[in-house]
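J.: Handing you this structure, nothing more for now.
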Amino acid sequence: MESPSLYESYFNRYTALVQENSLLEAFEKQDGALNAYLNEISEEKSNYAYATGKWTLKEMLQHMIDTERIFTYRALAIARKDPANLPGFDENLYAEHSVTNRRSWKSLRMEMLAVRVSTRCLFDSFTPAMLESTGTFNNNEGKVNTMGLIIIGHMYHHLKIAGERYF
């Protein structure tokens, strides 16, 4: 899939991980990898962090959920022509205040799957013109389509980290 020209270069590390020709294809392909990851982790393993000061698998999943929600909101606001400069977020602050490690892996897994269904429904509802809409988030201009690419690429990024550092 061709990367949109409008996005902060920081996000290229995520968008470059998406190889499909459409967002629908990319979401469908990722479903298998996401389900395999969620099913592979036991409750006990979900509390593991590979080093002191690093997130547990639960915290990493909560981060993936939070990020998907934020980028989905950005996509919705831009598609609906909201002229606001949408805010950024501090992922470490969100993690610190999430109390995620008090939750069960099962509850986080269910939440992630619910968020993904909602994300897919939203992106499926966008017209081609909406996908090309541009707006501003965290003082950067981006397209709705870019938000989808970031969501998918961000998930691949963290699945790769989990495979390399947690297993």
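The values are calculated or read from the model by the stated rules, or taken from the named source; none is laboratory data. Keep in mind the model is a prediction, meaning the values are calculated, not measured. Positions of Cβ are backbone-derived with ideal geometry, glycine not excepted, and every protein chain shown enters the neighbour counts. Areas reflect the complete protein model, heavy atoms only, side chains present, ligands, DNA and RNA absent. Shrake-Rupley method; radii C 1.70, N 1.55, O 1.52, S 1.80 Å.
J.: Check every DSSP H run in the chain and write down those whose alpha carbon atoms cover 18 angstrom or more along the long axis and whose mean Kyte-Doolittle hydropathy is 1.0 or greater.
T.: Helices meeting the criterion: none.
J.: Grab the beta carbon distance between residue 47 and residue 129, set R0 = 45 Å, and tell me the FRET efficiency rounded to 0.05.
T.: 0.50
J.: Can you give the three extents of the C-alpha atoms in the chain along their principal axes, from longest to shortest, in whole Å?
T.: 46, 30, 26
J.: Given a 1.4 Å probe and every protein chain left where it sits, what share in percent of the accessible area of the range 94-140 is carbon and sulfur?
T.: In the range 94-140, the share of accessible area belonging to carbon and sulfur is 56 percent.
J.: Right, here's the next one. Using just the helices of the chain, give the 222 nm mean residue ellipticity in deg cm²/dmol: DSSP H runs with n ≥ 4 each add -39,500 (n - 2.57), and the total is spread over all residues, rounded to 500.
T.: Computed mean residue ellipticity for the chain: -18000 deg cm²/dmol.
J.: Same structure, new question: List the lysines whose alpha-carbon lies under 28 Å from that of residue 58, not counting same-chain residues fewer than 8 positions away?
T.: List returned: 29, 45, 106, 160.
J.: If I take the Cα coordinates of the range 72-127 and project them onto the principal axes, what are the three extents in Å, biggest first?
T.: 38, 25, 9
J.: Treating the beta-carbon of each Lys and Arg as +1 and of each Asp and Glu as -1, no other charges, what is the dipole magnitude of the chain about its Cα centre, to the nearest 20 debye? Numbers along the way, then the final one.
T.: Details: 18 positive and 21 negative charges, 66 e Å.
Dipole size: approximately 320 debye.
J.: If you average 1/r over all unlike Cα pairs in the range 102-167 and invert the result, what Kirkwood radius do you get in angstrom? List each step's numbers first, then the result.
T.: Numbers: mean 1/r = 0.0715 Å⁻¹.
It works out to 14.0 Å.
J.: Take every Cα-Cα pair in the range 28-106 and report what % of them are more than 18 Å apart.
T.: 53 percent
J.: With every protein chain present, what is the per residue accessible area of the chain (1.4 Å probe, Å²)?
T.: 51 Å²
J.: Leaving out same-chain residues fewer than 8 places away, which lysines sit with a Cα under 29 Å from that of residue 81?
T.: Hits, sequence-local ones excluded: 143.
J.: Which value, in Å² rounded to 10, gives the accessible area of residue 115 with a 1.4 Å probe and all protein chains present?
T.: 10 Å²
J.: Which whole-number percent is the relative contact order of the range 1-82 (Cα, under 8 Å, 6+ apart)?
T.: Over the range 1-82, the number comes to 14 percent.
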